[in-house]
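Data block below; observations after.
The values are calculated or read from the model by the stated rules, or taken from the named source; none is laboratory data. In this text the structure is predicted, and so the values were computed from the model without any measurement. Here the Cβ is made from the backbone with ideal geometry for all residues, glycine too, and neighbour counts use every protein chain on show. All accessible areas refer to the heavy atoms of the entire protein, side chains included, with ligands and DNA or RNA removed. Shrake-Rupley method; radii C 1.70, N 1.55, O 1.52, S 1.80 Å.
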Amino acid sequence: MINIDQSGISLLKYSDVYIDQDDKTLSQIIDQDLFQPYHEDYITTGVSKKKVWIKFDFANQTEFVQEKILLFGTPFIEHIHLYRESLFSKPDVQGQAHPRDDHRTELHYYKIRLEPHTTKTYYATVFSDYTYLNFKVTLEDEVTYHEQDQEKQFTDIFLVGFIFALMIYSFLISFYIKDKSYFFYGLYLIPLLSYQLKYVGLTQIYLPKELIILDLKATIIRGYLLMITNALFAMHFLDIKRYKKLYGTFIIYIVTATISMMIFHEPDAIGYRLSSLFALFLLIFNLSVAVYVYTKGSKQARLYITGFFIVFLSYIGVISDSLGLSTLFVEHNNLFLIAASFEAIVLSLAFADRYMILQQEKEKVNRLLLAESQMREDRVKAEVEEKTKQLSEALKTKELLLQEVHHRVKNNLQILFSLIKLQKESIQNNDHQSILNDIGNRVNAIAKSYEMLTLDEHLDQIDMKLYMESLAHNLYQSFISKGKNIAIDIDVDVTLSIKEAVYIGLVANEIITNSHKYAFDEGGGKIFITFHQNNGRYRLVIEDNGKGFDLKSEMSSLGLKLINILVLDQLQGELSIDTQGRTRYEITFTLPQYDQQI
C-alpha cells in the first residue's frame, strides 16, 4: 500500500507488475492472479511487443483530501492506459501515439484524488509499437512538477534553438566558401534536431497531431538518415578521398545503410537491432578514422575528435538504453541534447581553425621560397626577381583572402549575436533575459576581435587599446538602462594576435559585466583597465572602486569558471583576485614568441 501524502517517490518498487506477451485483458490478469511484486525503480523491456501491466494500491491515512499525479518518467512512451477501479472498459489513454490539444508538459501524467481515510486501486498498461520501452513512475505534486517542467522546457528549447541557429550557420558557410562538409553537417543536424525534439518530449507539445504520428512512424528511417548524413559529413570534413581504402569503406557503408533503410524500415525488433548495429559501427569507425587521420598530419581532425567523442559517448548511452541495458539517458533525457550542442559549438569553430592552419602553411611555404631564392640569387638574378614579383602578388592575394575570412567570421558572429538579441527581446522573464544578455556579450566580445582585424592593415595583430575602448563602450550601452553613472579609465598599449585577443576579450567582458551588474549602488563608480607588456611578459589589471563581494561564495559561478579556464588553461597565466572593499583582478602571462619578433 502506497501512502498518497508523499511526493517525489518512485512507485514501481511498491507496486505489482505483470509483463504480458499474450495480449491478455485486465480481467484475465486479475482473475488469474498474475500480478507479482516488483522491486526496481525502472521497467526496461527494450524493443518488443510486450505490454507492461502495473497495479497501484493507494491509501490516504490523513484527515484531508489528497490530490497528486502519477508521472510517467519517459516522454516517448507511445501508449499509456490507466484503469480506475471498477471502470475497466473506459481507460484514460495518453502517450505519443495519442496526441492531445491540451497536452503542455514533456512527460505524461494522470491526476489521482483520495478522500480522507480511503484506499483506491489503479491499473495501468504501458506499451510501444515503434520505440523501445524504458520508464519509471513517480508520485508528484502537480504544481511543483509544472514549475520544474517549465524550467526544463525553456532549457531544451534554448538548446534546440542554438543547434538550429548553427545549422543555418553551417548552410551559410557552405554557400559562401563552397565547402561541402558544412553542407552535410547542416543536413546531419536536421534528423538530429527531429530526434531530440521527440526524445525530450517537445514534439508532442508543439507539433500538429498529424506530424506527431508521422514522426513516430519514421523512427527507424530517421535513425538511418542520421547515420548516413553523419558519414557524409565525416568523409568531407576529414578529406577521406586521400585514403582510398577508407573512402571505399565509407561508400560501402552509405550504400548498405541506404538499402537496409529501404528494406528494414518497419519499427520492429529486427529493424531496431539492425539500425543499432549500423549506428554502433559508424560511431566506432568514425572516431577511429578521425584519430588515424590526425596521426597522419590533419590538424583540423582534432576538432572533430573533440566534438564527436562527447556525442560518441551519448550515442552509446542511447543505444544501451534502447537495448534495455541502462537507464541513464532515459532519466536525464536532455544529456544527448547538451552533448549535441557541445559538438555543434566545437565544429563551428573549425572554420576559423581551418584558416589558421592555412596561415601557418602559408608562412611555411614563404620561408621555403625565400630560402630557395637566396640560394639561387647569384646564379639566376633575373629569374629571382621574377619569382619575387610573383611571390609578392601571391602574398597580396592571400592577405586579401585572409581579410575576407576575418570579415566573414565577424559577420557570422554578429548574426549569432543578433539571433540571441532577438530571442532575448521575445522573452519576458528578467532572469532569462539576463542570461541571454550575458551570452550575447560574450559572442560580441569575440566578434570585436575580428572587427579590429578588418579595420587595421595588420591582419595578424589587434590594437588592444581600441579593442578595450570598443568593448567597454558596448557593455556600457548594454547596461545603460540600469541608470548608474559608471566611468571607465583605460590605459592600454598592447597588441595581440587574434587567438590571445579573443581570450583577453572574453575575460575583460566577464569582469566588466560583473562590475556593471554588482559592484556599484545607485551612485555609480569607476572602472580602471591597465594593460602593458615588458619583454613578452603581459600584465592586465581590471579593478573598480565598488563594494566588492564574497569570493568564496562566487567561485562556482559560470563567470569565474570561464575566467579561470581562459587565464590558467588557455593563456597559461596567473590570476590574482582581491575583493575586500573593491574588486581587483590582476592577470599576468607570457608570450615568448613575441620576444623573437621584437
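With the cut-off at 1.5 for a/c, could you classify segment 159-307 from its C-alpha gyration tensor as rounded, prolate or oblate?
Since a/c reaches 1.5 but b/c is at least a/b, the shape of segment 159-307 is classed as oblate.
On the protein heavy atoms, probe 1.4 angstrom, tell me the percent of accessible surface of segment 4-43 carried by carbon and sulfur.
Working: 950 of 2360 Å².
Carbon with sulfur: 40 percent of the solvent-accessible area.
Please work out the average accessible area per residue across segment 205-260, using the 1.4 Å probe convention, and give it in Å². Write out the running numbers ahead of the final one.
Details: 2770 Å² over 56 residues.
It amounts to 49 Å² per residue over segment 205-260.
With all protein chains present, how much of the accessible area of segment 51-161 (probe radius 1.4 Å) comes from carbon and sulfur, to the nearest whole percent?
On the way: 2420 of 4720 Å².
The C+S portion of the solvent-accessible surface of segment 51-161 is 51 percent.
I'd like the FRET efficiency for D33 and F309, computed as 1/(1 + (r/R0)^6) with the beta carbon distance as r and R0 of 56 Å, rounded to 0.05.
Numbers: r = 51 Å, r/R0 = 0.91.
Efficiency computed from Cβ-Cβ geometry: 0.65.
Estimate the FRET efficiency between I259 and T155 by the formula 1/(1 + (r/R0)^6), using the beta-carbon distance for r and 51 Å for R0, to the nearest 0.05. List each step's numbers first, then the result.
Working: r = 39 Å, r/R0 = 0.76.
After rounding to 0.05, the efficiency reads 0.85.
Which values, in whole Å and largest first, are the semi-axes of the equivalent ellipsoid of segment 129-219 obtained as the square root of 5 times each eigenvalue of the Cα gyration tensor?
Working: eigenvalues 197, 60, 22 Å².
That gives 31, 17, 11 Å for the three semi-axes.
Find how much the distance from K217 to H103 grows on full extension, using 0.36 nm per residue of separation minus their present alpha carbon separation; answer in nm with one decimal.
On the way: separation 114, 0.36 × 114 = 41.04 nm, distance 2.01 nm.
Here the answer is 39.0 nm.
Let a ≥ b ≥ c be the square roots of the eigenvalues of the Cα gyration tensor of segment 86-161; is it rounded (a/c under 1.5), or, if not, prolate (a/b larger than b/c) or oblate?
Details: a/c = 2.30, a/b = 1.38, b/c = 1.67.
Note, shape of segment 86-161 comes out oblate.
Under the Kirkwood approximation applied to all pairs of distinct alpha-carbon atoms, what is the hydrodynamic radius of segment 209-278 in Å? Before the final figure, lay out each step's value.
Details: mean 1/r = 0.0764 Å⁻¹.
Hydrodynamic radius (Kirkwood, Cα only) of segment 209-278 equals 13.1 Å.
Hey, any idea what the orientation-averaged projected area of the convex hull of segment 1-160's Cα atoms comes to, in nm²?
Numbers: hull surface 40.1 nm².
Over all viewing directions, segment 1-160 projects a mean Cα-hull area of 10.0 nm².
If you scale each eigenvalue of the Cα gyration tensor by 5 and take the root, what three semi-axes come out for segment 459-598, rounded to whole angstrom and sorted largest first?
Numbers: eigenvalues 133, 59, 31 Å².
Its equivalent ellipsoid spans semi-axes of 26, 17, 13 Å.
Going by the alpha-carbon gyration tensor, a ≥ b ≥ c the square roots of its eigenvalues, is segment 529-598 rounded (a/c under 1.5) or, if a/c is not under 1.5, prolate (a/b greater than b/c) versus oblate? Let's see the in-between values first.
Values: a/c = 3.86, a/b = 1.77, b/c = 2.18.
Verdict is oblate for segment 529-598.
Subtracting the Cα-Cα distance from 0.36 nm times the residue separation, let me have the gained length for I190 to L368 in nm, one decimal.
Numbers: separation 178, 0.36 × 178 = 64.08 nm, distance 4.48 nm.
In short, 59.6 nm is gained.
Which net charge results for the neighbourhood of Y585, defined as the other residues with beta-carbon distances under 12 angstrom from its beta-carbon, given Lys and Arg at +1 and Asp and Glu at -1?
Details: positive: R539, R582, R584; negative: E510, E543, D544, E574, D578, E586.
Overall, the nearby charge balance is -3.
Taking all protein chains in place and a 1.4 Å probe, what share, in percent, of the accessible surface of segment 454-572 do carbon and sulfur account for?
On the way: 2820 of 5830 Å².
Carbon and sulfur together cover 48 percent of it.
Cβ under 9 Å from K465's Cβ, K465 left aside: what net charge do those residues give with Lys, Arg +1 and Asp, Glu -1?
Working: positive: none; negative: D463, E469, D491, D493.
Computed value for this residue: -4.
Please compute the Cα-Cα pair-distance distribution of segment 479-562 with 10 Å bins starting at 0, giving whole percents from short to long.
15, 44, 33, 8, 0
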